[in-house]
Amino acid sequence: MLTDAPPRRVDRAGFLESDRIRTLDLPQDGRLPSITKSIESAMKGGGSAGVRHACAEFLDAASEFYKTPTCGIRVLAARPLRVREHWTSELFGDYTPETMLIRVWMRTAVRKEITSFGTFLSTLCHEFCHHLDYQRFRFHDSWHTRGFYERAAALYHHARGTPPKKLFWLPTAGDRWRIDWPRTNRSAAPGRVG
Ligand SMILES: [Zn+2]
């Protein structure tokens, strides 16, 4: 994971605000984890209609909790030829703010392998966080800041029922940040060797 470079002029304040918000309110009930299980079962079934239905239920529940309009969902069999060029890091899904539509695809672009459930869910949460940026936080753009990735991770771990991981960051060229995976993984599994 690599953050976007801060915008030069306009929207710099919004970018910094996005970077600063490192947590996300999470529902206290088990609704999202339970829907997540139905996404997993639907993926095992292999048909995109069942997956789409479960994803729509997930997004409805999440939108209700965060008091945003519901976003639409399209589950594609494979990566479309055209994806939003603005977000080059979107390998498994995208979000169009104008139409509030999330698209996720079930096969990877290059080798046409089935996207793993973890990656699929992580993508769904990531794209939903773009929706939250516009509809809840009212940012004018949705940047991949450290805060953005941490909000998406919080939602993912809640949905999957896994313990939240503290993310550690390293500064990199161009005023960007990347995840320090060794440190992040060490802190997530104290005592683990390696
Ligand atoms: Zn993104």
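Odds and ends about this structure:
- Subset of segment 1-50 that is outside any loop (DSSP other than H, G, I, E, B) and within 11 Å of ARG146 (Cα to Cα) - its residue that is most open to solvent (accessible area, probe 1.4 Å): ARG20
- Selection count, segment 170-185, where residues are over 15 Å from LEU16 (Cβ atoms) and either out of contact with any strand residue (DSSP E or B) (no Cβ under 6 Å at 6 or more places or on another chain) or free of Cβ contacts under 8 Å to residues at least 24 places away in the same chain (or both): 11
- Out of LEU124, LEU132, sole residue that is within 20 Å of SER41 (Cβ to Cβ), within 16 Å of the ligand (Cβ to nearest atom) and under 12 Å from the mean Cα position of the chain (by Cα): LEU124
- Only residues that are more than 15 Å from the ligand (Cβ to nearest atom) and in contact with a helix residue (DSSP H, G or I) (Cβ under 8 Å, 6 or more places away or on another chain) were counted across segment 136-161, and they come to 6.
- Cross-chain or 6+ apart pairs with Cβ under 8 Å, segment 97-118 first and more than 15 Å from VAL75 (Cα to Cα), then in a strand (DSSP E or B) and at pLDDT below 85: GLU113/ARG107
- Among (1) touching a Phe, Trp or Tyr at 6+ places or on another chain (Cβ under 8 Å); (2) more than 21 Å from PRO69 (Cβ to Cβ); (3) modelled with pLDDT of 95 or more; (4) open to solvent by 70 Å² or more (accessible area, probe 1.4 Å) - the single one ARG136 does not satisfy: (2)
- On the stretch given as segment 149-189, residues that are part of a loop (DSSP other than H, G, I, E, B) and open to solvent by less than 30 Å² (accessible area, probe 1.4 Å) total 3.
The values are calculated or read from the model by the stated rules, or taken from the named source; none is laboratory data. Given the structure is predicted, the values throughout are model-derived calculations rather than measurements. We place every Cβ from the backbone using ideal geometry, glycine too, and count neighbours over all the protein chains shown. SASA here: full protein model, heavy atoms, side chains in, ligands and nucleic acids out. Shrake-Rupley method; radii C 1.70, N 1.55, O 1.52, S 1.80 Å.
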